[in-house]
1. Can Ser70 be described as loosely packed, with under 15 Cβ neighbours inside 10 Å and closer than 16 Å to Gly147 by Cβ?
2. Do you know which of the residues in the stretch 122-162 that are free of Cβ contacts under 8 Å to residues at least 12 places away in the same chain and not in a helix (DSSP H, G or I) is nearest to Leu82 (Cα to Cα)?
3. Of the residues that sit in the stretch 98-114 and are part of a helix (DSSP H, G or I) and under 13 Å from the mean Cα position of the chain (by Cα), which one is surrounded by the fewest Cβ atoms within 10 Å (Cβ to Cβ)?
4. When the stretch 45-82 is examined, which residues are found to be in contact with a helix residue (DSSP H, G or I) (Cβ under 6 Å, 6 or more places away or on another chain), in a helix (DSSP H, G or I) and touching a residue at least 60 places away in the same chain (Cβ under 8 Å)?
Amino acid sequence: MAADPEANPEAVARAIVLRQLTNSPKSRLQLARKLTERNVPEDVAEAVLDRFEEVRLIDDADFAEMWVRSRAQSRKLARGALRRELADKGIDAETAEKALAQVSDDDERNAARDLVARRLRAVSELSDRTERDKQTRRLASMLARKGYQPSAAFRIVGEVLDEALAGEPVSHNAGAHGGPGADDIG
């Protein structure tokens, strides 16, 4: 628990939680795991976490919304990947779905197109069919690792590659409305 065996377990738990929250926002489960790791008795940990929730220093809904906003923007993750990350952090499904609602299909599609266009800049030759197929697989795999559905990933990669081959500026709005499979992004 702490260096001082005489220390008040509740004070130690409060200090651990405050230190963790100072570093970055955390879910209740993340904080509970940290307290367990530091050998804080379970009843003391629950009481401290309950009190921090009462005063709104711990709020899983706020945490989930912040996490989704941050990760969707910085890492361009699809809702599927974000949903898994939230579950790993102990966020219940209902709270996660509310937080994920802030990412629209268009936001997700635009993020995927931006990722593909950014990676495509480094590719020199796309006129060779073998090279184009290889790049398609690589780019679709990258999107899949970020949580995009395979059908949407291949469709988006195809659209961006077609635009690149046609010499069109790769715009993230092209193909964003209508078209086959427009609803199967995340």
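Bear in mind that the values in this text are calculations on the coordinates, not laboratory data. Note that the structure is a prediction, hence the values are computed from the model and not measured. As a convention, Cβ positions derive from the backbone with ideal geometry for all residues, glycine included, and neighbour counts pool all protein chains shown.
1. Details: loosely packed, with under 15 Cβ neighbours inside 10 Å: yes; closer than 16 Å to Gly147 by Cβ: yes.
In short, yes.
2. My answer is Ala122.
3. Leu100
4. Arg79, Leu82
Here is a yes/no grid of residues against (1) surrounded by fewer than 20 Cβ atoms within 10 Å (Cβ to Cβ); (2) charged (D, E, K, R); (3) farther than 30 Å from Gly147 by Cβ; (4) out of contact with any strand residue (DSSP E or B) (no Cβ under 9 Å at 6 or more places or on another chain):
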| residue | (1), (2), (3), (4) |
| --- | --- |
| Ile16 | no, no, yes, yes |
| Ser27 | no, no, no, yes |
| Glu42 | yes, yes, yes, yes |
| Arg51 | yes, yes, yes, yes |
| Glu54 | yes, yes, yes, yes |
| Ala78 | no, no, no, yes |
| Leu82 | no, no, no, yes |
| Asp88 | yes, yes, no, yes |
| Glu94 | yes, yes, no, yes |
